[in-house]
């Protein structure tokens, strides 16, 4: 298959055509809208098509090929929503970072201590501490978005995804493990 045939096949796929239609309607400021049921059906179809096509491609790739794009995708997923509200972030920077580190740290330590007291193994106490510390970036963003729609996403997304998540990966989990080992003595 030549490069032009591959390009033609990819550009004429339903996924790309739907994306291009969306861009076109935005550019011409059209009030194009789909009925809710059709919108839901198309969304599910597109997600399944992307997942299946991506899954087939991933199954034929090595971990080395996948690692960098996966990292970049996750980083963009964290940065993109926050970047839209960067000016708001400047107003609350240090307090937000402090909260994003101290509260999960406190929850993680409590989780390890309670896990140890309840008789969990070192690994079990470490996992309980990690889960207690990570609840802020697993459950909080969707909960805040649903219950407080007027809340500024800069604050809860930055605190959870740009502060707490990396902190837990680099500092929190090793700290919780060392605490669990120390408590088990």
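The values are calculated or read from the model by the stated rules, or taken from the named source; none is laboratory data. Since we're looking at a predicted model, the values are computed, not measured. Because the Cβ atoms are built from the backbone with ideal geometry, glycine has one as well, and the counts that use them run over all protein chains shown.
Report yes if residue 2 is without any contact (Cβ under 8 Å) to a residue 24 or more places away in the chain, more than 26 Å from the chain's Cα centre (by Cα) and over 23 Å from residue 57 (Cβ atoms), otherwise no. Judged against the criteria, residue 2 is not a match. Of the candidates 42, 58, 52, 38, the single residue that is over 30 Å from residue 161 (Cβ atoms) and either surrounded by 11 or more Cβ atoms within 10 Å (Cβ to Cβ) or over 20 Å from the mean Cα position of the chain (by Cα) (or both) is 38. Here is a check on your reading of the model: is residue 135 part of a helix (DSSP H, G or I) and either buried (at least 21 other Cβ atoms within 10 Å of the Cβ) or at pLDDT 75 or above (or both)? So residue 135 fails the test.
Of all residues in region 88-124, those being surrounded by fewer than 14 Cβ atoms within 10 Å (Cβ to Cβ), assigned to a helix (DSSP H, G or I) and modelled with pLDDT of 90 or more number 3. When residue 64 is tested against (1) surrounded by 10 or more Cβ atoms within 10 Å (Cβ to Cβ); (2) within 28 Å of the chain's Cα centre (by Cα), just one condition goes unmet, and that condition is (1).
Regarding residue 58, is this residue closer than 20 Å to residue 7 by Cα and in contact with a helix residue (DSSP H, G or I) (Cβ under 9 Å, 6 or more places away or on another chain)? For residue 58, the condition - closer than 20 Å to residue 7 by Cα and in contact with a helix residue (DSSP H, G or I) (Cβ under 9 Å, 6 or more places away or on another chain) - is met.
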